[in-house]
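K.L.:
Before I ask anything, here is the structure I am working with.
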Amino acid sequence: MRDFARYALYYAPETDSPLGRFGNRWLGRDPESGVALDPPEGVPLDRETIRSVTEAPARYGFHGTLKPPFALADGRTRTDLEAAVERLAATSMPIETQGLALAEIGRFLALVPAPDDGPIRPLAARVVEALDAFRAPLDADALARRRKAGLSDAQEALLRRWGYPYVMEEFRFHLTLTGALDDRTRSRVRDALAGPVADLTTAPFRLDALALFGDPGGGAPFRLLRRFPLSG
(Lines give C-alpha, C1' and ligand atoms only; values in the text may rest on other atoms or scores of the structure.)
Protein backbone atom coordinates (compact mmCIF):
# COMPACT_ATOMS: atom_id res chain seq x y z
CA MET A 1 0.00 0.00 0.00
CA ARG A 2 1.47 3.30 -1.10
CA ASP A 3 2.44 5.84 1.56
CA PHE A 4 1.47 9.49 1.14
CA ALA A 5 3.05 12.62 2.59
CA ARG A 6 -0.26 13.69 4.12
CA TYR A 7 -3.83 12.53 4.43
CA ALA A 8 -7.13 14.42 4.72
CA LEU A 9 -10.78 13.60 5.34
CA TYR A 10 -13.08 15.28 2.88
CA TYR A 11 -16.56 15.08 1.50
CA ALA A 12 -16.30 14.26 -2.22
CA PRO A 13 -19.42 13.62 -4.32
CA GLU A 14 -19.65 10.41 -6.29
CA THR A 15 -17.97 10.78 -9.66
CA ASP A 16 -21.13 9.93 -11.61
CA SER A 17 -23.43 12.24 -9.62
CA PRO A 18 -24.47 15.61 -11.10
CA LEU A 19 -22.46 17.45 -8.43
CA GLY A 20 -19.44 15.22 -8.92
CA ARG A 21 -19.52 15.51 -12.70
CA PHE A 22 -19.73 19.29 -12.57
CA GLY A 23 -17.16 19.83 -9.82
CA ASN A 24 -14.58 17.45 -11.23
CA ARG A 25 -14.90 18.85 -14.74
CA TRP A 26 -14.77 22.43 -13.43
CA LEU A 27 -11.47 21.68 -11.65
CA GLY A 28 -10.29 19.61 -14.62
CA ARG A 29 -9.59 16.28 -12.95
CA ASP A 30 -11.20 13.18 -11.49
CA PRO A 31 -9.44 12.85 -8.10
CA GLU A 32 -10.19 9.13 -7.92
CA SER A 33 -8.79 8.04 -11.29
CA GLY A 34 -6.47 10.99 -11.88
CA VAL A 35 -7.88 11.41 -15.40
CA ALA A 36 -7.87 14.95 -16.82
CA LEU A 37 -11.33 16.23 -17.76
CA ASP A 38 -12.69 18.84 -20.14
CA PRO A 39 -14.53 21.84 -18.65
CA PRO A 40 -18.29 21.45 -18.08
CA GLU A 41 -20.60 22.47 -20.88
CA GLY A 42 -22.57 25.68 -20.58
CA VAL A 43 -19.99 27.76 -18.71
CA PRO A 44 -19.39 30.96 -20.75
CA LEU A 45 -15.66 31.13 -20.00
CA ASP A 46 -12.76 30.02 -22.15
CA ARG A 47 -10.60 27.06 -21.11
CA GLU A 48 -7.61 29.23 -20.17
CA THR A 49 -9.69 31.44 -17.87
CA ILE A 50 -11.13 28.40 -16.13
CA ARG A 51 -7.66 26.91 -15.70
CA SER A 52 -6.37 30.19 -14.27
CA VAL A 53 -9.12 30.72 -11.70
CA THR A 54 -9.13 27.06 -10.58
CA GLU A 55 -5.36 26.51 -10.41
CA ALA A 56 -5.20 26.62 -6.60
CA PRO A 57 -8.13 24.29 -5.73
CA ALA A 58 -7.50 21.94 -8.67
CA ARG A 59 -4.56 20.32 -6.87
CA TYR A 60 -6.82 19.21 -4.02
CA GLY A 61 -9.71 17.91 -6.11
CA PHE A 62 -13.36 18.88 -5.79
CA HIS A 63 -14.23 18.48 -2.12
CA GLY A 64 -15.44 19.92 1.15
CA THR A 65 -12.93 19.67 3.99
CA LEU A 66 -13.83 17.86 7.22
CA LYS A 67 -10.33 17.20 8.61
CA PRO A 68 -7.56 19.24 6.94
CA PRO A 69 -4.40 17.58 5.55
CA PHE A 70 -2.03 16.13 8.13
CA ALA A 71 1.10 13.98 8.22
CA LEU A 72 0.81 10.71 10.10
CA ALA A 73 2.14 10.66 13.64
CA ASP A 74 5.07 8.36 14.42
CA GLY A 75 3.96 4.77 14.80
CA ARG A 76 0.74 5.27 12.85
CA THR A 77 0.05 3.69 9.46
CA ARG A 78 -2.41 4.24 6.66
CA THR A 79 -3.97 0.87 7.55
CA ASP A 80 -4.54 2.07 11.11
CA LEU A 81 -6.05 5.32 9.82
CA GLU A 82 -8.41 3.58 7.43
CA ALA A 83 -9.63 1.28 10.21
CA ALA A 84 -10.33 4.28 12.44
CA VAL A 85 -12.18 6.13 9.68
CA GLU A 86 -14.25 3.03 8.94
CA ARG A 87 -15.29 2.81 12.60
CA LEU A 88 -16.10 6.50 12.68
CA ALA A 89 -18.21 6.33 9.51
CA ALA A 90 -20.08 3.30 10.84
CA THR A 91 -21.26 5.32 13.84
CA SER A 92 -22.10 8.56 12.00
CA MET A 93 -25.37 9.44 10.34
CA PRO A 94 -25.72 10.87 6.81
CA ILE A 95 -26.57 14.57 6.78
CA GLU A 96 -28.91 16.39 4.43
CA THR A 97 -29.42 20.10 3.93
CA GLN A 98 -31.95 21.98 1.85
CA GLY A 99 -29.44 22.50 -0.95
CA LEU A 100 -26.33 24.40 -1.94
CA ALA A 101 -25.73 28.05 -2.73
CA LEU A 102 -23.05 29.77 -4.82
CA ALA A 103 -21.25 32.12 -2.43
CA GLU A 104 -18.23 34.35 -2.01
CA ILE A 105 -15.99 33.45 0.91
CA GLY A 106 -13.44 36.20 1.19
CA ARG A 107 -11.88 36.42 -2.26
CA PHE A 108 -12.86 33.00 -3.59
CA LEU A 109 -16.05 31.31 -4.79
CA ALA A 110 -17.55 28.16 -3.35
CA LEU A 111 -20.72 26.14 -3.04
CA VAL A 112 -22.00 26.21 0.54
CA PRO A 113 -24.89 24.39 2.26
CA ALA A 114 -28.21 26.22 2.32
CA PRO A 115 -29.56 27.61 4.51
CA ASP A 116 -26.32 27.03 6.49
CA ASP A 117 -23.79 24.36 7.48
CA GLY A 118 -25.17 23.88 10.99
CA PRO A 119 -26.03 20.18 10.54
CA ILE A 120 -22.50 19.43 9.24
CA ARG A 121 -20.53 21.16 11.99
CA PRO A 122 -20.92 18.41 14.65
CA LEU A 123 -19.72 15.77 12.18
CA ALA A 124 -16.70 17.86 11.20
CA ALA A 125 -15.80 18.43 14.86
CA ARG A 126 -16.15 14.72 15.55
CA VAL A 127 -13.88 13.81 12.63
CA VAL A 128 -11.21 16.31 13.74
CA GLU A 129 -11.27 15.09 17.34
CA ALA A 130 -11.62 11.35 16.74
CA LEU A 131 -8.67 11.21 14.34
CA ASP A 132 -6.38 13.68 16.12
CA ALA A 133 -4.16 10.91 17.49
CA PHE A 134 -3.12 10.16 13.89
CA ARG A 135 -1.89 13.72 13.27
CA ALA A 136 1.81 14.53 13.58
CA PRO A 137 2.45 17.86 15.36
CA LEU A 138 3.25 20.81 13.09
CA ASP A 139 6.85 21.98 13.06
CA ALA A 140 7.88 25.61 13.51
CA ASP A 141 7.93 26.31 9.75
CA ALA A 142 4.41 24.95 9.25
CA LEU A 143 3.11 26.99 12.18
CA ALA A 144 4.73 30.13 10.77
CA ARG A 145 3.10 29.56 7.36
CA ARG A 146 -0.32 29.28 8.96
CA ARG A 147 0.22 32.45 10.98
CA LYS A 148 1.02 34.51 7.88
CA ALA A 149 -2.73 34.79 7.25
CA GLY A 150 -3.09 36.83 10.44
CA LEU A 151 -4.95 34.74 13.00
CA SER A 152 -7.29 35.81 15.77
CA ASP A 153 -6.61 34.64 19.31
CA ALA A 154 -9.26 31.94 18.90
CA GLN A 155 -7.74 30.75 15.62
CA GLU A 156 -4.27 30.68 17.17
CA ALA A 157 -5.59 28.49 19.98
CA LEU A 158 -7.18 26.12 17.46
CA LEU A 159 -3.96 25.97 15.46
CA ARG A 160 -2.02 24.94 18.55
CA ARG A 161 -4.60 22.39 19.69
CA TRP A 162 -5.75 20.84 16.41
CA GLY A 163 -3.06 21.81 13.88
CA TYR A 164 -5.37 24.07 11.86
CA PRO A 165 -7.01 27.41 12.66
CA TYR A 166 -10.33 26.90 10.86
CA VAL A 167 -11.86 23.97 12.72
CA MET A 168 -14.44 23.61 15.49
CA GLU A 169 -16.11 27.01 16.09
CA GLU A 170 -14.16 28.54 13.15
CA PHE A 171 -15.25 25.80 10.73
CA ARG A 172 -17.27 26.63 7.64
CA PHE A 173 -18.10 23.84 5.23
CA HIS A 174 -17.65 24.71 1.55
CA LEU A 175 -16.90 23.13 -1.81
CA THR A 176 -14.17 25.34 -3.24
CA LEU A 177 -14.54 26.45 -6.86
CA THR A 178 -11.78 29.04 -7.32
CA GLY A 179 -8.63 30.45 -5.83
CA ALA A 180 -8.44 34.02 -4.53
CA LEU A 181 -9.66 36.42 -7.23
CA ASP A 182 -9.73 40.17 -7.62
CA ASP A 183 -13.16 41.79 -7.40
CA ARG A 184 -13.69 42.13 -11.14
CA THR A 185 -12.69 38.55 -11.97
CA ARG A 186 -14.66 37.13 -9.06
CA SER A 187 -17.82 38.94 -10.21
CA ARG A 188 -17.32 37.76 -13.79
CA VAL A 189 -16.81 34.12 -12.76
CA ARG A 190 -19.75 34.21 -10.37
CA ASP A 191 -22.03 35.47 -13.13
CA ALA A 192 -20.70 32.77 -15.47
CA LEU A 193 -21.36 30.00 -12.93
CA ALA A 194 -24.82 31.11 -11.82
CA GLY A 195 -26.64 29.37 -14.66
CA PRO A 196 -24.60 26.14 -14.85
CA VAL A 197 -24.91 25.47 -11.10
CA ALA A 198 -28.61 26.39 -10.85
CA ASP A 199 -29.81 22.77 -10.86
CA LEU A 200 -27.14 21.81 -8.30
CA THR A 201 -28.27 24.51 -5.91
CA THR A 202 -31.94 23.56 -5.94
CA ALA A 203 -31.52 19.84 -5.24
CA PRO A 204 -31.07 18.67 -1.62
CA PHE A 205 -27.44 18.26 -0.58
CA ARG A 206 -26.58 14.97 1.10
CA LEU A 207 -23.27 14.26 2.85
CA ASP A 208 -23.27 10.48 3.07
CA ALA A 209 -19.63 9.38 3.14
CA LEU A 210 -16.19 10.30 4.39
CA ALA A 211 -13.53 10.40 1.67
CA LEU A 212 -9.90 9.70 2.49
CA PHE A 213 -7.54 11.70 0.27
CA GLY A 214 -3.78 11.33 -0.01
CA ASP A 215 -1.19 13.99 -0.79
CA PRO A 216 1.71 12.45 -2.74
CA GLY A 217 3.90 15.45 -1.87
CA GLY A 218 6.02 17.63 -4.10
CA GLY A 219 3.01 19.61 -5.30
CA ALA A 220 1.41 16.60 -7.02
CA PRO A 221 -2.40 16.39 -7.10
CA PHE A 222 -4.23 14.84 -4.16
CA ARG A 223 -5.83 11.44 -4.82
CA LEU A 224 -9.13 10.09 -3.55
CA LEU A 225 -8.11 6.81 -1.93
CA ARG A 226 -11.32 5.43 -0.47
CA ARG A 227 -14.88 6.35 0.48
CA PHE A 228 -16.44 5.29 3.78
CA PRO A 229 -20.28 5.39 3.79
CA LEU A 230 -21.91 7.00 6.81
CA SER A 231 -24.06 4.14 8.13
CA GLY A 232 -24.70 4.96 11.80
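K.L.:
Go through the stretch 40-80 and name the GluC sites (Glu not before Pro) that are in a DSSP coil and have 13 or fewer other Cβ atoms within 10 Å of their Cβ.
P.N.:
GLU41
K.L.:
Any idea how far the Cα center of the stretch 70-108 sits from the one of the stretch 1-35, in Å?
P.N.:
Using only Cα atoms, the two centres lie 13 Å from each other.
K.L.:
Testing the spin-label approximation: label points 7 Å from Cα along Cα→Cβ at ASP182 and ARG76. State their distance in nm.
P.N.:
4.2 nm
K.L.:
How would you classify the stretch 49-139 from its alpha-carbon gyration tensor, with a ≥ b ≥ c the square roots of the eigenvalues: rounded for a/c under 1.5, else prolate if a/b is greater than b/c, otherwise oblate? Please report the intermediate quantities before stating the final value.
P.N.:
Values: a/c = 2.45, a/b = 1.37, b/c = 1.80.
Oblate, since a/c reaches 1.5 and b/c is not below a/b.
K.L.:
Along the principal axes of its C-alpha atoms, what lengths does the stretch 123-232 span, in descending order and rounded to whole Å?
P.N.:
Projected onto the principal axes, the Cα atoms of the stretch 123-232 cover 44, 40, 31 Å.
K.L.:
Counting only C-alpha contacts under 8 Å and six or more residues apart, can you give the relative contact order of the stretch 112-232 as a whole percent? Let's see the in-between values first.
P.N.:
Numbers: 73 pairs, mean separation 23.7, N = 121.
Across the stretch 112-232, relative contact order equals 20 percent.
K.L.:
While we're looking at this one, here's another question. Percent of Cα-Cα pairs per 10 Å bin, from 0 to the last occupied bin, for the stretch 76-188, please list those.
P.N.:
Each 10 Å bin holds this share of Cα pairs: 12, 32, 38, 17, 2.
K.L.:
Right, here's the next one. Over the chain, what is the relative contact order in whole percent, taking alpha-carbon pairs under 8 Å and six or more residues apart? Don't skip to the answer; put the middle values down first.
P.N.:
Details: 412 pairs, mean separation 79.7, N = 232.
For the chain, the relative contact order is 34 percent.
K.L.:
If ligands, DNA and RNA are left out, what is the accessible area of ASP116 with a 1.4 Å probe, given in Å² to the nearest 10?
P.N.:
80 Å²
K.L.:
Can you tell me the relative contact order of the stretch 175-232? Whole percent, Cα pairs under 8 Å, sequence separation 6 or more. Kindly include the intermediate steps, with their values, before the conclusion.
P.N.:
On the way: 33 pairs, mean separation 13.7, N = 58.
The value is 24 percent.
K.L.:
Separate question: Can you pull the Rg over Rh of the chain, Cα-only, Kirkwood?
P.N.:
Ratio of gyration radius to Kirkwood radius: 0.94.
K.L.:
Would you report the distance distribution of C-alpha pairs in the stretch 1-85 as whole percents per 5 angstrom bin, up to the bin with the largest distance?
P.N.:
With a bin width of 5 Å, the distribution comes to 3, 13, 22, 20, 17, 12, 8, 4, 2, 0.
K.L.:
Accessible area per residue, 1.4 Å probe, Å², for the chain: what's the number? Don't skip to the answer; put the middle values down first.
P.N.:
Working: 11310 Å² over 232 residues.
Per residue, the chain has 49 Å² of solvent-accessible surface.
K.L.:
GLU104 versus ARG121, label points 7 Å from Cα toward the beta carbon: distance in nm?
P.N.:
Placing both labels 7 Å along Cα→Cβ, they lie 2.4 nm apart.
K.L.:
Mind checking the angle between helix 18-27 and the chain's longest principal axis? C-alpha axes, 0 to 90 degrees, to the nearest 10.
P.N.:
90 degrees
K.L.:
Please work out how much length the chain gains when fully extended from ALA36 to SER17, using 0.36 nm per residue of separation minus the C-alpha to C-alpha distance, in nm with one decimal. Don't skip to the answer; put the middle values down first.
P.N.:
On the way: separation 19, 0.36 × 19 = 6.84 nm, distance 1.74 nm.
Net length gain for the segment: 5.1 nm.
K.L.:
Going by alpha carbons, how many degrees (0 to 90, nearest 10) lie between the helix axis of 78-90 and the longest principal axis of the chain?
P.N.:
That works out to roughly 70 degrees.
K.L.:
Continuing with this model, one more query. Along the positive direction of the dipole of the chain (beta-carbon charges: Lys, Arg +1; Asp, Glu -1; about the Cα centre), which of ALA180, THR201, THR97 reaches farthest?
P.N.:
Value computed over the given set: ALA180.
The values are calculated or read from the model by the stated rules, or taken from the named source; none is laboratory data. Predicted model, so just to flag it, every value in this text is computed and none were measured. Cβ: placed from backbone, ideal geometry, glycine included. Neighbour counts: every protein chain shown. Ligands, DNA and RNA are excluded from the accessible area calculation, which covers all protein heavy atoms including side chains. Shrake-Rupley method; radii C 1.70, N 1.55, O 1.52, S 1.80 Å.
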